[in-house]
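Single-structure report; data block below.
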Amino acid sequence: MATASKGLQSAISSPTRLVALLAFVLFINFVDRGNLATAAPLIKDELHLNSTQLGLLLSAFYWSYTLCVFPVGWLAERFGAKPVLTAGVVIWSLGTMLTGVAGGLYSLFAYRVLLGVGESTAFPCTSKLLASELAVTQRGRANGVTTFGQGLGPAFGTWVGGLIASMAGWRPLFIIFGALSLLWVVPWRRTQLSTVPVHDDLPASMLPLKSILRQRAMWATAVGHFGANYGLYFVGSWLPTYLVKVKGLSVAHMATTAGSIYIVWALSSLAIGWAFDRLQNAGASRTNTSKTLLGIACVGKITCMAGIVFAPPTWAIPCLFVNEVFSGFISPVLWTVSQTIAGPRAIGRWMGVQLTVGNLAGVAAPVVTGVAIDLTGSFAAAFGAAALFYAIGGIAWIFGVEKVEPLEWDDAPLPAPGDADFARA
């Protein structure tokens, strides 16, 4: 019995298990946040919304999400990332289920705001856990795995959710997916971490916020994150509507097409995360590798946005697929850069600030797109805006971040985490 108990404890504490559960929670996160975009063509017709109203509804999630990510980062450092993430999953699952019984535009808006409160816990807590539990040479692969889950979320949500909506209407998909999201809490509560939680008798473990805010790299990563997120949230919010209203696909055909596009993102992220760690272990410069991958991604995405607007119409959907290849260049590297520079001491609040700035794009992109469509009758200006912000993001990463190396904070650093279990995986 003692041997079995010891084996169970080892399995529960495995970094491999931790990374898998974090990948799965980001999968759930993006399934639930993307459901409204999947159902948007049906909701727009049923509630008789114009594009500006739909854009406001699609942005509602990011209003509360953006306001909450910084305090959540503080909570993750003060009380531990595990309980904060647990509470967040419960809140966003309830918000998803309630969306399925909403009576109209205002209640839909309110439930999306509640969803944003819950989902604001995901990335600050995930980054805190990866920075605390894994060595720096493992974070590229770990972030590739978690981004794989993140990319599969909209793929699954759009594909399966679109099929559910086309057969049973849009309300059942929210109720079903919200209820299923709660099941993640069961294995998560049984997972034990190796890091020591912060208590009142360890005041030195909480760095002053001003020490974080005065770092040039923090603001550079925040601006870069905004640039990348603008295009991500534009596509994530409006892709189903674009495919149905502009390209003339049925809801079912849209679901399979959009789902396939997101799978490309997931697979690309997994490959780039793996390649990033292999390059680091082979002695490549972390700074040069990070900037090269991010620069290639931004140039590639700008080219794809231009292709959708200026190339023949038959090129639009292929350009969307290629665009997601370059999304995979950004996602794992973006998180690894911040986790490496900030380290476990500061990553919670660092990511809180970075995500606050970065997710202002989620507030802006859906609304700006809706207004642009109503004013021009086309998506061209929206794709142009996404290209512009990719350029801004690339400039911030390449010229704003001097070195992708751990900062030497004034306080003594925490002990380096063990990495044997994950390395063997």
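Which residues, taken from segment 304-324, are modelled with pLDDT under 95, touching a helix residue (DSSP H, G or I) at 6+ places or on another chain (Cβ under 9 Å) and of a type in the set (Val, Ile, Thr)? Of everything in segment 304-324, those that are modelled with pLDDT under 95, touching a helix residue (DSSP H, G or I) at 6+ places or on another chain (Cβ under 9 Å) and of a type in the set (Val, Ile, Thr) turn out to be 308, 309, 317.
Looking across 154, 172, one residue alone is more than 29 Å from residue 286 (Cα to Cα), at pLDDT 80 or above and buried (at least 24 other Cβ atoms within 10 Å of the Cβ). It is 154. All conditions but one from (1) surrounded by 23 or more Cβ atoms within 10 Å (Cβ to Cβ); (2) modelled with pLDDT of 85 or more; (3) in contact with a Leu (Cβ under 8 Å, 6 or more places away or on another chain); (4) not charged (D, E, K, R) apply to residue 100; the one that does not is (1). Restricting to segment 175-209, what's the tally of residues that are charged (D, E, K, R) and at pLDDT 85 or above? Total meeting the criteria: 2.
Taken together, the criteria exclude residue 301 from residues that are of a type in the set (Lys, Arg), surrounded by fewer than 22 Cβ atoms within 10 Å (Cβ to Cβ), modelled with pLDDT of 90 or more and in contact with a helix residue (DSSP H, G or I) (Cβ under 6 Å, 6 or more places away or on another chain).
Please tell me if residue 9 is among the polar types (S, T, N, Q), out of contact with any strand residue (DSSP E or B) (no Cβ under 7 Å at 6 or more places or on another chain), assigned to a helix (DSSP H, G or I) and modelled with pLDDT under 80. Yes. What about residue 252, is it out of contact with any Pro (no Cβ under 9 Å at 6 or more places or on another chain) and either over 18 Å from residue 323 (Cβ atoms) or aromatic (Phe, Trp, Tyr) (or both)? So residue 252 passes the test.
The values are calculated or read from the model by the stated rules, or taken from the named source; none is laboratory data. Quick caveat, the model's predicted, so the values are computed rather than measured. Every residue, glycine as well, gets a Cβ built from its backbone with ideal geometry; the counts of neighbours run over all protein chains shown.
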